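Below: one structure, written as structure tokens.
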Amino acid sequence: MDDKEPVVIDNHRVLGVVPGKPAVGDRKVLSEDDTVMVWPHLLVRHAVAALLVLLLVMVISLLFDAPLREIANPTNTPNPEKAPWYFAALQELLAHFHPLVAGVLVPGAIIGGLIALPYIDRNLSLSPETRRVARVTFTVFLVVWIGLTLVGFAFRGPNWSWVWPWNEWHGEL
Amino acid sequence: MRVVDRIKGSVAYRSIFRLPDAVTERDRAAAHWSSFLLHLYPVKVRRRELRFGYSAFLGVASMVLFGSLIISGIYLMFFYVPSPANAYGNIQSIQTDVAFGQYIRNVHRWSAHLMVIAVAAHMAKVFYRGAYKPPKEFNWVIGVVLLVLTLLMSFTGYLLPWDQLAFWAVTVGTSMASYVPLMGETTKEILLGGPSVGSATLVRFYVLHVAVLPAIMVFLIALHMWRWRKDAMLTVDAAERSIAAEPVIEEVS
Ligand code: HEM
Ligand code: HEM
């Protein structure tokens, strides 16, 4: 090494230069794939999300009382007989197909299909353009299911006949 | 601040939280690992995961609602007896006599509805993000099981108030079971404990609702989170990686 004049910055002699990230003042532009510590960055966001959810539950619970009908009476069948809303789509199917199809095969196929999905869709890409088939299939399923749920929940009245919810309301929560 | 430092230096504190002083990032990671609750979380995530649009925090929302259900559910258990002679009257007195009873019952019922929505929305969000792709296939499968369990929890809980709504909703729901090929009637009788919804059904649903299913769910949610943590650093586009399922190496010290 040459005997050069020492490099002096702010009255301090620079002894060496080490590779790697500077300990402080790292001004490189951060990319989405850079990592951050979960505490605090992710955890504060999760805490805020948690508080918002609890706030929502609190407000709804203060505003609306849970329903309670008359005591169960096996001899008095209500009309319409409604399943809880998350089974309304199945109940709607039951009105159109044999119970073996609507009550056993369809739910079985949905659960089986969902479980199998990651093993059927082996396309590794995450970009929406290359996932058209998967996206369209799933979206069609979602739309049909939400549609059936809405129909079964709000548009069905006595004897499972079609009603308009703004005329008569038969939905139960 | 002095008091805080004194507490943190005390023998008792050190025996509970065996952490190094948080000086470097490495110390903070060590503190993270050594915490029981935090160890379900990764130490680091990619910055994209901080954005709302990434997960819409729906997984967290599902978890919070489950927590709200456990707490409100335990409170209700103090005042509720699962028999046709008592159940309905118990719910009535929860609403009128028990301190905060009506409010807690509301919390339980509305949290249950919201949880079904949150879990379903979480599934859709995970789908559209492609987060079920290798190496996360199995966490998706665990998720599907959690979805089914959430529905079963809602359904078994729905019977417990023993009002007309409960009785007939469960009658409709379980009538489908009798169409299971070959063993339809058997399946139905196992579910109901008899030919129709009655006191045996109420006890069965109650035990499933407050003990069996929640225990399975707590275990599966912990497993679900733990696998999420393991894969947290692998969110990059899988197509950019040469092999689909490389061995998972934790990128955290
Ligand atoms: C995934 C979690 C859960 C869901 C979706 C859920 C759902 C429900 C639903 C829909 C009801 C009927 C509510 C009503 O009409 O007031 C109910 C009642 C009940 N649940 Fe849960 N629950 C969950 C967890 C729990 C847990 C963990 C416990 C106990 C440790 C519990 C204890 C009870 C009790 C005692 C009742 C009867 C009281 C009542 O009906 O108000 N639940 N649950
Ligand atoms: C009780 C129900 C559930 C709870 C409490 C739950 C909770 C969570 C949490 C907290 C996360 C990590 C943070 C986030 O993405 O928000 C997560 C991730 C995940 N969840 Fe769920 N989840 C549930 C149901 C489901 C369902 C129904 C599916 C899909 C069928 C699913 C699939 C996944 C997958 C694949 C990940 C990993 C995402 C990633 O690594 O980017 N989960 N879940």
Verdict on residue B:66 being more than 8 Å from chain A (Cβ to nearest Cβ) and either of a type in the set (Ser, Thr, Tyr) or not in a helix (DSSP H, G or I) (or both): no
Which listed residue, of B:155, B:138, is out of contact with any Leu (no Cβ under 9 Å at 6 or more places or on another chain), within 9 Å of ligand 1 (Cβ to nearest atom) and touching a residue at least 12 places away in the same chain (Cβ under 8 Å): B:155
Residue within segment B:49-58 that is assigned to a helix (DSSP H, G or I), without any contact (Cβ under 8 Å) to a residue 40 or more places away in the chain and open to solvent by 30 Å² or more (accessible area, probe 1.4 Å) present: yes
Unique match (being out of contact with any helix residue (DSSP H, G or I) (no Cβ under 6 Å at 6 or more places or on another chain) and facing chain B (nearest Cβ under 7 Å)) among A:86, A:119: A:119
Helices (runs of 4 or more DSSP H) contained entirely in segment A:29-120, each with at least 3 residues that are open to solvent by less than 60 Å² (accessible area, probe 1.4 Å) and touching a strand residue (DSSP E or B) at 6+ places or on another chain (Cβ under 6 Å): none
In segment B:74-87, the residues that are within 14 Å of residue B:98 (Cα to Cα) and in contact with a Ser or Thr (Cβ under 9 Å, 6 or more places away or on another chain): B:79
Members of segment B:59-78 that are within 8 Å of ligand 1 (Cβ to nearest atom), open to solvent by 30 Å² or more (accessible area, probe 1.4 Å) and free of Cβ contacts under 8 Å to residues at least 40 places away in the same chain: B:74
Residue match in segment B:70-89 (condition: farther than 15 Å from residue B:160 by Cα, in a helix (DSSP H, G or I) and within 16 Å of ligand 2 (Cβ to nearest atom)): yes
Candidates B:67, B:59, B:143, B:130 - the one that is within 12 Å of ligand 2 (Cβ to nearest atom), in contact with a Lys or Arg (Cβ under 7 Å, 6 or more places away or on another chain) and within 30 Å of residue A:118 (Cα to Cα): B:130
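Here's the yes/no breakdown for (1) farther than 30 Å from residue A:124 by Cα; (2) more than 16 Å from ligand 1 (Cβ to nearest atom); (3) crowded, with 22+ Cβ neighbours inside 10 Å:
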residue: B:98; (1), (2), (3): yes, no, no
residue: B:103; (1), (2), (3): yes, no, no
residue: B:111; (1), (2), (3): yes, no, yes
residue: B:176; (1), (2), (3): yes, yes, yes
residue: B:180; (1), (2), (3): yes, yes, no
residue: B:184; (1), (2), (3): yes, yes, no
residue: B:188; (1), (2), (3): yes, yes, no
residue: B:191; (1), (2), (3): yes, yes, no
Only listed residue being under 17 Å from residue B:218 (Cβ atoms) and in contact with a Leu (Cβ under 7 Å, 6 or more places away or on another chain), chosen from B:121, B:112: B:112
Tally of residues being more than 12 Å from chain A (Cβ to nearest Cβ), part of a loop (DSSP other than H, G, I, E, B) and modelled with pLDDT of 50 or more across segment B:202-249: 1
Residue match in segment B:103-118 (condition: touching a residue at least 60 places away in the same chain (Cβ under 8 Å), near ligand 2 (Cβ under 9 Å from one of its atoms), farther than 18 Å from residue A:60 by Cβ and under 14 Å from the mean Cα position of the chain (by Cα)): no
First in segment B:14-26 and touching a residue at least 24 places away in the same chain (Cβ under 8 Å), second anywhere and part of a loop (DSSP other than H, G, I, E, B) and open to solvent by less than 100 Å² (accessible area, probe 1.4 Å), Cβ under 7 Å, 6 or more apart: B:26/B:253
Flag if residue A:152 is more than 16 Å from ligand 1 (Cβ to nearest atom) and more than 8 Å from chain B (Cβ to nearest Cβ): yes
Residue in segment B:31-48 that is more than 12 Å from every other protein chain (Cβ to nearest Cβ), open to solvent by less than 40 Å² (accessible area, probe 1.4 Å), away from ligand 2 (no atom under 14 Å from the Cβ) and touching a residue at least 12 places away in the same chain (Cβ under 8 Å) present: no
Residue list for segment B:1-21, restricted to those being assigned to a helix (DSSP H, G or I) and acidic (Asp, Glu): B:5
Where residue B:146 falls short, out of the listed (1) more than 7 Å from chain A (Cβ to nearest Cβ); (2) among the aliphatic types (A, V, I, L, M); (3) surrounded by 18 or more Cβ atoms within 10 Å (Cβ to Cβ); (4) away from ligand 1 (no atom under 11 Å from the Cβ): (4)
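The values are calculated or read from the model by the stated rules, or taken from the named source; none is laboratory data. What you are looking at is a predicted structure, and each value in this text was computed from that prediction instead of being measured. Note that we place each Cβ from the backbone using ideal geometry, even for glycine, and neighbour counts take in every protein chain shown. Each accessible area value is taken on the protein alone, full model and side chains, heavy atoms only, with ligands, DNA and RNA left out. Shrake-Rupley method; radii C 1.70, N 1.55, O 1.52, S 1.80 Å.
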